[in-house]
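Read through the structure below, which is laid out as structure tokens, and then see the notes.
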Amino acid sequence: MRKIMISALCLMASVLTLQAKPDKNFYVFLCFGQSNMEGAAKPEARDMSGVSDRFVSLTPCTTAPEDAKWHLALPPLCRKDNGLTPADYFGRTLVENLPEKVRVGVINVAIGGCKIEAFMQEHVADEVKKAPPAWQRAMFKAYDDDPYAYLVKLAKRAQQDGVIKGILFHQGESNTGQKDWPDKVNTVYKRLLKDLGLKAKKVPLIAGEVVIAGGKGQCVAMNPIIDELPLTIPTAHVVKSDGLTNASDNLHFDAMGYRRLGQRYAAEMLPLLGVKHPVIKPLE
């Protein structure tokens, strides 16, 4: 009887181990940056329906990161007061092109107006101190005053269920003109890889250009620096923003701009996932 009980317990332990193993067909993507990753455009009716149940997001800032739950990826995908982001149509385009067995999950941690230093452990305390109390201070507080650590906690939670396949990044407006920006981005990227046990060749960084607005974009001078990111990070890829529509502030994309930018992120990522000829639906 004792041998039977031991055998049964071993069998149960094996079953539980198998159940706890992350699903290799659940692709997770980390998204971080500043306001254009948060999403500054109000979602429209078309954005609030037609989302596949294969595209999910972790609950943003409503519970401890370790206890976050996956939910259907309807906007907002960052905090509850944000809007449409590149992550929205990135995920929708991915599930349209990937096999039915594959699910896609996104995690979005972003702070409007923040510098890349806000995601660097040696600088974040100073960035929090300098944050304008009227608006940005609350954003930091939503991430326990450490957005990088919050992102890592969410990512580790996600690794219980799936496999991290890439990192989406949109930031730079607040570091416009700084030639050392790629080095700082590289520091954050390498730390993410190390802290999450990832390899660069399996987890590329996809970065997006800022608003051009026909050459009148407020931070358009940053794009040449963003374009050189792959020189510093061999596994980085840059998504162009030419032709994308924007808001009247010439700083943020409008809703259609975010939709198409998200598609461009997907078009860059899909070949890296083995989809040689992705189909990108035209948006009107």
Scanning region 158-185 for residues that are in a helix (DSSP H, G or I) and of a type outside the set (D, E, K, R), the one nearest to C114 (Cα to Cα) turns out to be S174
The lone condition R260 fails out of (1) assigned to a helix (DSSP H, G or I); (2) open to solvent by less than 70 Å² (accessible area, probe 1.4 Å) is (2)
Checked against (1) at pLDDT below 95; (2) open to solvent by 10 Å² or more (accessible area, probe 1.4 Å); (3) touching a helix residue (DSSP H, G or I) at 6+ places or on another chain (Cβ under 7 Å), A68 satisfies every condition except (2)
Reported set for region 268-284 where residues are crowded, with 20+ Cβ neighbours inside 10 Å and out of contact with any Phe, Trp or Tyr (no Cβ under 8 Å at 6 or more places or on another chain) is E268, L270
Counting only strands (runs of 3 or more DSSP E) entirely within region 40-132, those with at least 1 residues that are under 16 Å from G262 (Cα atoms) and not small (G, A, S) are 55-58, 103-110
By residue number, the members of region 205-220 that are in a loop (DSSP other than H, G, I, E, B) and within 22 Å of E38 (Cβ to Cβ) are E209, V210, V211, I212, G217, Q218, C219
G172: passes all of (1) crowded, with 21+ Cβ neighbours inside 10 Å; (2) free of Cβ contacts under 8 Å to residues at least 40 places away in the same chain but (2)
Restricting region 24-61 to residues that are out of contact with any helix residue (DSSP H, G or I) (no Cβ under 8 Å at 6 or more places or on another chain) and β-branched (V, I, T), the one modelled with the highest pLDDT turns out to be V56
Selection from region 228-257 of residues within 19 Å of C31 (Cα to Cα), assigned to a helix (DSSP H, G or I) and open to solvent by 30 Å² or more (accessible area, probe 1.4 Å) yields P230
For region 190-222, the count of residues that are open to solvent by 40 Å² or more (accessible area, probe 1.4 Å), small (G, A, S) and over 23 Å from P234 (Cα atoms) equals 2
If you check A155 against the conditions, is it over 24 Å from V211 (Cα atoms) and either assigned to a helix (DSSP H, G or I) or basic (K, R) (or both)? yes
Listed by first then second residue, the pairs whose first member lies in region 70-82 and is within 13 Å of D47 (Cα to Cα), whose partner is assigned to a loop (DSSP other than H, G, I, E, B) and among the aliphatic types (A, V, I, L, M), with beta carbons under 8 Å and at least 6 positions apart or on separate chains, are L72/V51; A73/V51; L74/V51
Across region 186-202, the tally of residues that are assigned to a loop (DSSP other than H, G, I, E, B) and closer than 16 Å to H170 by Cα stands at 0
So, first residue within 12 Å of N175 (Cβ to Cβ) in region 219-232, second residue basic (K, R) and open to solvent by 10 Å² or more (accessible area, probe 1.4 Å), Cβ within less than 7 Å, six or more apart or across chains; the pairs are I225/K179
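Residues are listed down the side, and each one gets a yes or a no for (1) more than 16 Å from V152 (Cα to Cα); (2) more than 15 Å from the chain's Cα centre (by Cα); (3) among the small types (G, A, S):
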position: I167; (1), (2), (3): no, no, no
position: G177; (1), (2), (3): yes, yes, yes
position: V185; (1), (2), (3): no, no, no
position: D195; (1), (2), (3): no, yes, no
position: L198; (1), (2), (3): no, yes, no
position: K201; (1), (2), (3): yes, yes, no
position: G208; (1), (2), (3): yes, no, yes
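The values are calculated or read from the model by the stated rules, or taken from the named source; none is laboratory data. Predicted, not measured: the structure shown is a model, and the values here were computed from it. Glycine also receives a Cβ, built like all others from the backbone with ideal geometry; neighbour counts cover every protein chain displayed. Side chains are part of the model used for accessible areas, which takes the heavy atoms of the whole protein and leaves out ligands, DNA and RNA. Shrake-Rupley method; radii C 1.70, N 1.55, O 1.52, S 1.80 Å.
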